[in-house]
1. For residue A:160, only one of the following conditions fails: (1) open to solvent by 50 Å² or more (accessible area, probe 1.4 Å); (2) assigned to a loop (DSSP other than H, G, I, E, B). What is its number?
2. Which count do you get for residues in region A:89-120 that are more than 18 Å from residue B:142 (Cβ to Cβ) and either within 7 Å of another protein chain (Cβ to nearest Cβ) or of a type outside the set (D, E, K, R) (or both)?
3. Would you mention how many residues in region B:16-29 are more than 13 Å from chain A (Cβ to nearest Cβ) and either of a type in the set (Gly, Ala, Ser) or open to solvent by less than 30 Å² (accessible area, probe 1.4 Å) (or both)?
4. Just the residues that are open to solvent by less than 20 Å² (accessible area, probe 1.4 Å), of a type in the set (A, V, I, L, M) and either under 15 Å from residue A:206 (Cβ atoms) or not in a loop (DSSP other than H, G, I, E, B) (or both), please, taken from region A:222-252.
5. Going through region A:190-207 one residue at a time, which ones are open to solvent by less than 30 Å² (accessible area, probe 1.4 Å) and within 10 Å of residue A:220 (Cα to Cα)?
6. Does residue B:209 count as more than 7 Å from chain A (Cβ to nearest Cβ), under 23 Å from residue B:123 (Cβ atoms) and not aliphatic (A, V, I, L, M)?
7. Give region B:5-26 a look and list any residue that's of a type in the set (S, T, N, Q) and under 20 Å from the mean Cα position of the chain (by Cα), or say none.
8. Name every residue in region B:1-12 that is open to solvent by less than 50 Å² (accessible area, probe 1.4 Å) and not in a strand (DSSP E or B), in order of residue number.
Amino acid sequence: MSKIFVFVEHLNGNVDDITYELIGKGKELGDVTAVLIGPKDLASQLGGAGNVINVDDPALSDFNPEAYAKAMSAVIDAESPDMVLFGYTSMGMDISSNLSVSKNLPFVAYATEISAGSIVSSLYGGKVNVESSVSGSCIVSVIPGSFPADAGKGDGSPAVQDMAAPDFSSLSVKFRKLIEPEGGDVDITTQEVLVSAGRGIQSDENIPMVEELAGKLGGAVSCSRPIVDNKWLAKTRQVGKSGLKVKPKLYLALGISGAPEHIEGMKNADLIIACNTDPNAPIFKFAHYGCTADLFDLIPALTSKL
Amino acid sequence: MNIVVPIKQVPDLVEELEIDGSGKDLDREWLKYKINEFDDHALEEALLYKEANGGTVTAITLDGDDADKLLHTAIAKGADKIVKVTGDFSGAVSSHTAAKAMADAIQSLGFDIVMTGVQAVDDRDGQVAGMIAAHLGVPNVNVVTSVDQDGGALVVHKEYAGGVSGEFEVNTPVVFGIQAAKETPRYVPVAKIRKASRGAEIQEIAASDLAGAGSDVARMFKPESGGGAEMLGDDAEAAAAKIIEILNAKGIK
């Protein structure tokens, strides 16, 4: 059996769904060991994994890119796994590609499918798939939402193997604190209707038009990442990776192409209607209805009919 | 602080992407390129840091079709120095290849901070920030949204999911994968880029041994299109009428 290691992601004492998604997929590929860097008591949340390796140390109580990478490196040295699975996530990014070079292991990123020796990645904003062939041990980072989380969950306490922490006496990176999202704005996770603006909206001058439409629909405005990176809307409005996961009754995607990072945040909405002038935009694979009309014709047309 | 900013171009996703005859790469003949937007944010954050705290910003890129223009844009925006790594970087350049060539050049230039884009749309074999850091033997922090000076240390914010961020205190030397700068990346008019190109000297560093990716592209293919949305056409009035009908039927409006 292949030795499949899964890097466990946890924040504020909760193991993240990506970990269960990876454990579930890992079980199809071989013998899964969850590698828990940080507080040992979190192992009680890892009943779905056959085994748990734990590295615990005061320096690991909160996520620290440098310390966690060192600990993960020590685990790989000691155990020589056949495949190490990370989420294509903020934490995964700090460790996975770094270890690929320092451990001289091939690395495939943006994975959405994994089978023995072959991994499919979703690249170019979801517009092109690439199948990579890998021989020997490797590291893979997986786009969250690619595999069901339920398959990696389980009750009971797995066997925990403790591993000594490496030397953390000279760390350059120190964790200070977590910053929770600012309140006071609309909570897009509780809205029944979201009208979501993407890059296609072109300019912050066009945001009021979207707000007007959202108002008529009794909902709120949300958006994809570029809109927040350009400071056109507040971070609290961002849907997707590094933003929020939403499940409204209606998700109206305007000028959103549908990069995997966005899809993972909204694909479970009850009704998805997407408008994008590019008929090949990946968003149309996930939407229930789509149209390729010009946004600046469609938005006023919709608003005037409501 | 001596800040080095690796930047690169990526295919513009607004354009149609086609796969070439080999089935393993994009058809690059008619591809339109633009700066990797995350690299643009990395350059902006580096310039903001320099403006607030002093230091120098060096933009560096691998040789390629528009490498000079990319570097001239960086100098027009406020970079102090521009560097081109020369070697055979035609076609698809893997992250492993790029990171090794960049790290070698950065090592020879000297650095306190490396800021580059957290990701690119063509990072099949991984994000370069972590790889550059591993080659340089320094830590890396990714999905960074601000880099500031606080006494003798840097303070950075790193984003997690759900809008939560972590604050870290970081000693140099270090590599950051930048998600977004504190400000929207500055715009420079073409005339200013042209003017900057006349005075600016591009330092060239030759890449020595090029590293392989460690994995191979077996095939490239378009995801199945359709299968999802029922399409309502391209006429705005007609589509809007149908959308209203759907919402009414679902009792949403």
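The values are calculated or read from the model by the stated rules, or taken from the named source; none is laboratory data. As the structure is a prediction and not an experimental result, all values here were calculated from the model. So basically every Cβ, Gly included, is an ideal-geometry build from the backbone, and we count neighbours across all protein chains shown. What goes into the accessible areas is simple: the full protein's heavy atoms, side chains included, and nothing from ligands, DNA or RNA. Shrake-Rupley method; radii C 1.70, N 1.55, O 1.52, S 1.80 Å.
1. Every listed condition holds for residue A:160 apart from (2).
2. Final tally of qualifying residues: 11.
3. In the first step, residues of region B:16-29 are kept if they are more than 13 Å from chain A (Cβ to nearest Cβ); the result is B:21, B:29.
After this cut, where a residue has to be either of a type in the set (Gly, Ala, Ser) or open to solvent by less than 30 Å² (accessible area, probe 1.4 Å) (or both) as well, the list is B:21.
Selection size over region B:16-29: 1.
4. Once the filter is applied, which keeps residues that are open to solvent by less than 20 Å² (accessible area, probe 1.4 Å), of a type in the set (A, V, I, L, M) and either under 15 Å from residue A:206 (Cβ atoms) or not in a loop (DSSP other than H, G, I, E, B) (or both), region A:222-252 yields A:227, A:228, A:239, A:250, A:252.
5. A:193, A:194, A:195, A:196 - these are the residues of region A:190-207 that are open to solvent by less than 30 Å² (accessible area, probe 1.4 Å) and within 10 Å of residue A:220 (Cα to Cα).
6. yes
7. Of region B:5-26, the ones of a type in the set (S, T, N, Q) are B:9, B:22.
B:9, the sole residue that qualifies.
8. B:7, B:12
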